[in-house]
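Each reported figure results from applying straightforward, stated rules to the coordinates on display, with no laboratory input. Note that the coordinates shown come from a computational prediction; the quantities given were computed from them, not determined experimentally. Please note: Cβ atoms are built from the backbone with ideal geometry, for glycine as well, and neighbour counts cover all protein chains shown.
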Amino acid sequence: MRIIKVKSKVWLEDNGKYIFGDGRAVLLRGIGETGSIKTAAEQLSISYRRAWEYVKKLEERLGVPLVEPQIGGRGGGGSQLTEKAKIFLKNYEKARKDINKYVDKRFSKFILSSFFIGLLSCCFLTPSYADKKMSTGKKEILRMATTTSTENSGLLDVLLPPFEKKFNIRVDVIPVGTGKALKLGERGDVDLVFVHDREAEDKFVNTGFGINRRDVMYNDFIIVGPAGDPAGVKGMKDPVLALNKIEQKQYPFVSRGDDSGTHKKELQLWNEAEVKPEGKWYMEAGQGMEEVLQIANEKMGYTLTDRGTFLAYKKKLKLVVLVEGDKRLYNPYGIIAVNPAKHPHVNYIGSMTFIGWVTSPEGQRIIAGYKVDNSPLFYPQAITIFHR
């Protein structure tokens with residue numbers, strides 16, 4: 001006998017159009033806690049402009065001002081939530097809590113026979129589930145925190161639409177560094193995470209926050225820099241020796257500095273080089289990969305990047321690939337559902353539907369076919385037949 005609990009998910013619609021949910025609540029809560037759109041954006045590893053666009057769209061959808069400037073103070077000013085925004089956020093979070101509490105009480109348990117469990121599995125893993133959802137006309141919401149490279153590279157723009165259409169599920173993406181993505185998962189602010197730091201992923205699962213991790217794809221890290229290569233690292237196979245030369249000559253190096261998978265890989269390499277990077281030559285940007293590449297380009301400096309994001313922005317940069325090919329630069333991506341035993345409100349069925357689809361022949365074929373100038377940005381790993 002199995003006991004299955006019924007759980008609920010809350011979002012707001014206006015005439016069937018989605019206007020607000022948990023993803024945007026995380027941003028508003030961050031602004032309220034930090035007194036700054038910029039700081040809240042940095043915590044999510046998104047640009048200030050993107051965070052501001054989110055706020056303005058929310059204000060348009062809700063028809064009330066949500067954020068206002070705050071003048072003075074030790075920080076010299078910032079932003080704060082309006083009183084209406086505070087009341088709105090408080091009421092939304094109370095409504096979500098009350099609804100979840102009611103559902104827990106009203107549907108305390110389901111005792112499912114093995115036949116019904118099998119029927120559920122069939123429905124959720126075959127097209128009949130998608131057909132049934134399409135007939136309702138309403139889209140389910142799935143919140144996914146993912147490393148910035150999957151978005152910056154443009155992969156999600158080709159990967160998500162076929163899934164959303166087939167299963168009538170809208171995926172709300174929160175692009176952040178891997179460390180912050182896993183933190184969102186730990187708090188239950190998202191339904192699944194799509195990240196690239198195997199050690200941190202294993203810890204996330206082993207501590208009970210994640211469940212059903214799957215390999216999805218891989219690419220590699222590369223060291224890029226100015227074509228003139230003043231540090232003289234071009235063609236070196238050993239990334240540790242290359243970093244040593246950059247540090248010895250004190251040429252500009254831009255670090256993600258955001259606890260992302262890329263940042264952690266960079267720190268591992270510095271540790272192997274027995275170097276503690278610090279000084280004017282070393283800049284911790286605290287930004288996503290796109291922004292870091294732009295900073296390195298402006299300063300004609302060096303940086304460590306995933307190949308996918310670099311290829312996606314290559315035409316906008318004067319940077320070139322200088323160091324590549326070492327096995328330590330291998331960069332695998334995994335996807336993990338947030339454990340419903342820790343956070344009963346998460347959309348576990350939706351998460352497993354996406355995980356099943358992205359590791360299926362259809363999802364893996366899309367990943368294999370995504371190229372820039374005929375160069376693959378990622379290689380599928382769940383089904384290696386599509387690896388060329």
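How do H343, H196 line up, fewest other C-beta atoms within 10 Å first?
With the fewest neighbours first, H343, H196 line up as H343, H196.
K314: net charge of surrounding residues, Cβ under 11 Å, Lys/Arg +1, Asp/Glu -1, itself excluded?
Taking every other residue near K314 into account, the sum is +3.
As an exercise, use a Förster radius of 56 Å and the Cβ-Cβ distance of V320 and Y102 to find the FRET efficiency, rounded to the nearest 0.05. Spell out each step's value before the answer.
Details: r = 59 Å, r/R0 = 1.05.
It comes to 0.40.
Could you give the length gained on full extension between K276 and K342, defined as 0.36 nm per residue of separation minus the Cα-Cα distance, in nm? If you can, show how the numbers build up before the last one.
Working: separation 66, 0.36 × 66 = 23.76 nm, distance 3.76 nm.
20.0 nm is the gain from fully extending K276 to K342.
K94 versus W52, label points 7 Å from Cα toward the beta carbon: distance in nm?
3.3 nm
When D14, D189 are ordered from fewest to most other Cβ atoms inside 10 Å of their Cβ, what list results?
So the ranking, lowest neighbour count to highest, is D14, D189.
Once you have the Cα-Cα distance between E33 and E83, take 0.36 nm times their residue separation minus that, and quote the gain in nm to one decimal.
The span from E33 to E83 would gain 16.6 nm if fully extended.
Using the Cα gyration tensor of segment 171-321, with a ≥ b ≥ c the square roots of its eigenvalues, what is the shape: rounded (a/c below 1.5), prolate (a/b larger than b/c) or oblate (neither)?
Prolate.
Taking a 29 Å limit on the Cα-Cα distance, which of the listed pairs K56/K183; K97/K180; K57/K342 fall beyond it?
Distance filter (> 29 Å) returns K57/K342.
Quick check: from the Cα gyration tensor, does segment 280-388 come out rounded (a/c under 1.5), prolate or oblate?
Working: a/c = 2.58, a/b = 1.53, b/c = 1.68.
Cα axes put segment 280-388 in the oblate bin.
Hey, which aspartates and glutamates would be in cross-link range of K234, C-alpha to C-alpha under 19 Å, not counting anything within fewer than 8 residues on its own chain?
Correct list for K234: D220, E247, E266, D306, E324, D326.
Counting only residues 5 or more places away or on other chains, whose amide H sits under 5 Å from the amide H of I19 once H atoms are built in the peptide plane?
L12, E13, D14
What ranking do D373, D259, D306 get, fewest neighbouring Cβ atoms within 10 angstrom at the top?
Working: D373 7, D259 21, D306 30.
Ranked by crowding around the Cβ, least crowded first: D373, D259, D306.
Report the FRET efficiency, 1/(1 + (r/R0)^6), for D238 and K203, where r is their Cβ-Cβ distance and R0 is 35 Å, rounded to 0.05.
Numbers: r = 28 Å, r/R0 = 0.81.
Rounded to the nearest 0.05, the efficiency is 0.80.
Quick one: how many lysine pairs in segment 278-329 have C-alpha atoms under 21 angstrom apart, if they're 8 or more apart or on different chains? Write out the running numbers ahead of the final one.
On the way: K280/K299; K299/K314; K299/K315; K299/K316; K299/K318.
Number of lysine pairs found: 5.
Within straight cross-link reach of K94, meaning Cα distance under 13 Å, which aspartates and glutamates are found once same-chain residues fewer than 8 apart are removed?
Within the straight-line cut-off, K94 pairs with D22.
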